[in-house]
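The structure under discussion appears below in the form of C-alpha cells.
Computed from the coordinates by the stated procedures, all read-outs in this text should not be read as laboratory data. Treat the numbers as computed from the prediction; the structure is a model and nothing was measured. Cβ sites come from the backbone with ideal geometry, for glycine too, and all protein chains shown count toward neighbours.
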Amino acid sequence: MEFGLPHKKFYAKRPGSLVSTITGVLEPLWLLYANTSEAREKNGVWSLRENSPNYSTCPTCNGTGTVISDIDPSRMIATELSLKKGAVLLWAGTNCGPVVKIRELAKMIGIEYEKPLAEQDRQFTDILLYGYDKAPVMYVHKKKEHNNYYRGCVFDLKYLRDAGTTSKGNLWAIKLFSHHDKCPSCSEIVLKLEHLIMGNSLSDVLRMPISESLLFVQKLRNGRDTKVLDNYCELINDIELRLSYLNKIGLKSLSVFDVKVSENPKVGSTNGYDS
C-alpha cells in the first residue's frame with residue numbers, strides 16, 4: 001500500500017517551526033485512521049485491520065468530531081517554554097519580523113529570554129498575547145529599521161485571518177490556534193464506534209497531552225497484525241519522531257490540536273509582517 005507522505009521527512013536537528021511540527025503529526029494520524037480500523041481477536045488483543053474501500057467519515061469535520069470557530073488565545077503560548085525555545089507558538093522556529101520584535105520587546109520590559117514563561121510574571125504572557133502600548137519597539141529586520149508598537153500574537157493572527165491570507169502556512173496556523181467546537185453534523189459516539197484504534201478515536205488521540213499521545217503511538221508497535229503494521233510503518237515512524245521531539249522540548253502537557261486535515265499542510269513558512 002503506497003501513501004507517499006506529502007510533507008517532508010522530520011529531522012529533529014532541523015525541525016523547522018513548531019507549527020509545522022505539530023501539523024506534521026496531523027496528516028499521518030488522519031491517514032492512519034482513514035485507512036485502518038480494529039477488531040477484537042479471540043485472545044483479547046487489539047489489532048489493526050484495513051478498512052473497506054467504502055469507509056467514509058463525516059464530510060464536515062473529516063472524522064475529528066470538531067470544527068473551528070474563533071481565535072483561541074490559550075492555544076497560542078506554551079508557558080512551559082522560554083521565548084528562546086519558542087513559547088510564542090505562532091512564530092516559533094521562524095525568524096520573521098514578529099520574532100525579532102518580540103526579542104527586543106523582551107529586553108525593554110524585562111522578560112528573561114531563556115527562562116520558561118511559567119516561571120516569570122504572568123503579565124508577560126498577557127503582553128505577548130494582547131500587546132504592549134506603553135512604548136513602541138525599535139528593531140531591525142532584513143536590514144530595515146522599524147519602530148512601532150507590539151500588538152500581540154492574537155492580533156497578528158486575526159490580522160492574517162481578516163486580511164484574507166491565502167498562504168497555506170498561515171491558514172494552518174489559523175486552524176491550529178482557533179477554538180474547536182463539536183461538529184454539528186455528526187455524533188462523537190458514532191465516530192468512536194465506527195473508527196477506533198486501540199480503543200481511541202482520532203479525536204481522543206488529538207486531545208491527549210503529547211506525552212500520552214506519544215505512548216499511544218509507541219503501543220501501536222505491539223500490534224499483532226504485522227502485515228497491516230508494515231504498510232503503516234512510515235506513518236508511525238514519522239508521527240513518533242515528531243511527538244518525541246515535542247515531548248523532549250517540554251510540551252508534554254500540550255495536546256496535538258484536533259484540526260480537520262484535508263490538504264497538504266505546507267507549513268514552516270508562516271509569513272510574518274513587519275508593520
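Search the structure for amide H atoms under 5 Å from the amide H of SER178, placed 1.01 Å from N in the peptide plane, and list their residues when 5 or more places away or on another chain. Excluding prolines and chain starts, which carry no amide H, the hits are ASP72. Students often get this wrong, so check it: of LYS84/LYS158; LYS134/LYS158; LYS175/LYS227, which have C-alpha atoms separated by over 29 Å? Beyond 29 Å between Cα atoms: LYS175/LYS227.
Residues CYS96, CYS233 in ascending order of nearby Cβ atoms (within 10 Å, fewest first): CYS233, CYS96. Simple rule: put +1 on each Lys or Arg Cβ and -1 on each Asp or Glu Cβ in segment 130-247, find the dipole, and look at THR226, LEU157, VAL137; the Cα lying farthest toward the positive end is VAL137.
Neighbour counts of other Cβ atoms within 10 Å put PHE155, PHE124 in the fewest-to-most order PHE155, PHE124. Put simply, when 128-138, 74-84, 101-111, 23-33 are sorted by average Cβ atoms within 10 angstrom per residue, most first, you get 23-33, 74-84, 101-111, 128-138. Compared with the alpha-carbon gap, the fully stretched path from GLU104 to ALA34 is longer by 20.7 nm at 0.36 nm per residue.
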